[in-house]
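Enquirer: Have a look at this one.
The values are calculated or read from the model by the stated rules, or taken from the named source; none is laboratory data. Model, not experiment: these values are computed from the prediction. All Cβ positions, even for glycine, are placed from backbone atoms using ideal geometry, and neighbour counts span all protein chains on display. These area figures cover heavy atoms from the full protein model, side chains too; ligands, DNA and RNA do not enter into them. Shrake-Rupley method; radii C 1.70, N 1.55, O 1.52, S 1.80 Å.
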Amino acid sequence: AAQADEMEWGQVNTPSWEDMVILPESDIVDYAVGGDEGDIIYAVLELKSQCTEVGYDFEDDDWYDSIWAVVMSNDGGVTWSDITANVVEASSIPFDPDDILRLCLVATAPDNEDWVAVAGYVAPAAIGADAGGAHAVAFVVASEDGGSNFTYAHDVEVNGNWMINIMDMAISPAVGDIYNIALAGRAENDGFTPAHGEGALYRPEAGTWL
């Protein structure tokens, strides 16, 4: 009768903290997938632990006792790199990283995985916003080189009405080499903040939000 070969044990790779394959006490707040094969992934994380050096521990964050991070993968999520510092130190940003309250949204262009935007909240006083008593106002930074360098995308306000609650963000395909960002959420109404604001959709054009 035939006899089965003798079984042998072999070692397999164990997931670890290396390349952020495992991050303790972390939640995915938002993510965006780009690339023809879906191999480019950006994610916003909320970390409840300080046992890793990922993200930025915002000193003025009094919403949650959390660390916020933006990470990216160029191999379909097998390994990750931390690009949070590039976000919070964006060019032309008019406030300090410690004035940021949280990060919450990320989006990438459907035809260019290197074009990515990140949205979050900042204290109104830090940006000189008279937000009708709102706790926070929205801000956006954008990158055209895959997150290596970000630039502040101007104040998220129209006629003095600041976006105070952001629920979704999207980036258009290129139109004449220009990418449009759209933010959906709630904004002030003539400088007044009813309840949690009124529904609004803002997008930037030629340096201003329309």
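Enquirer: Of the residues that make up the stretch 28-48, is at least one acidic (D, E) and modelled with pLDDT under 75?
Expert: For the stretch 28-48, residues acidic (D, E) and modelled with pLDDT under 75: absent.
Enquirer: Name every residue in the stretch 99-119 that is open to solvent by 30 Å² or more (accessible area, probe 1.4 Å) and touching a Phe, Trp or Tyr at 6+ places or on another chain (Cβ under 6 Å), in order of residue number.
Expert: R102, W115
Enquirer: Test V106 against the stated conditions and say whether it is under 15 Å from I93 (Cα atoms) and hydrophobic (A, V, I, L, M, F, W, C).
Expert: So V106 fails the test.
Enquirer: While we're on this one: State all residues of the stretch 65-82 that are open to solvent by less than 10 Å² (accessible area, probe 1.4 Å) and in a loop (DSSP other than H, G, I, E, B); if no residue qualifies, say none.
Expert: Selection gives S66 alone.
Enquirer: Still on this structure, I have one more. Taking the stated definitions as given, is G176 open to solvent by 30 Å² or more (accessible area, probe 1.4 Å), out of contact with any Leu (no Cβ under 8 Å at 6 or more places or on another chain), at pLDDT 80 or above and more than 21 Å from L101 (Cβ to Cβ)?
Expert: yes
Enquirer: Next question, about the same structure. I'm checking my understanding of the structure. Among residues of the stretch 86-98 that are open to solvent by 50 Å² or more (accessible area, probe 1.4 Å) and touching a strand residue (DSSP E or B) at 6+ places or on another chain (Cβ under 9 Å), which one is farthest from D36 (Cα to Cα)?
Expert: P94
Enquirer: Now for a different question. Which ones in the stretch 183-199 are open to solvent by less than 30 Å² (accessible area, probe 1.4 Å) and either within 17 Å of the chain's Cα centre (by Cα) or at pLDDT 70 or above (or both)?
Expert: L183, G185, A187, E188
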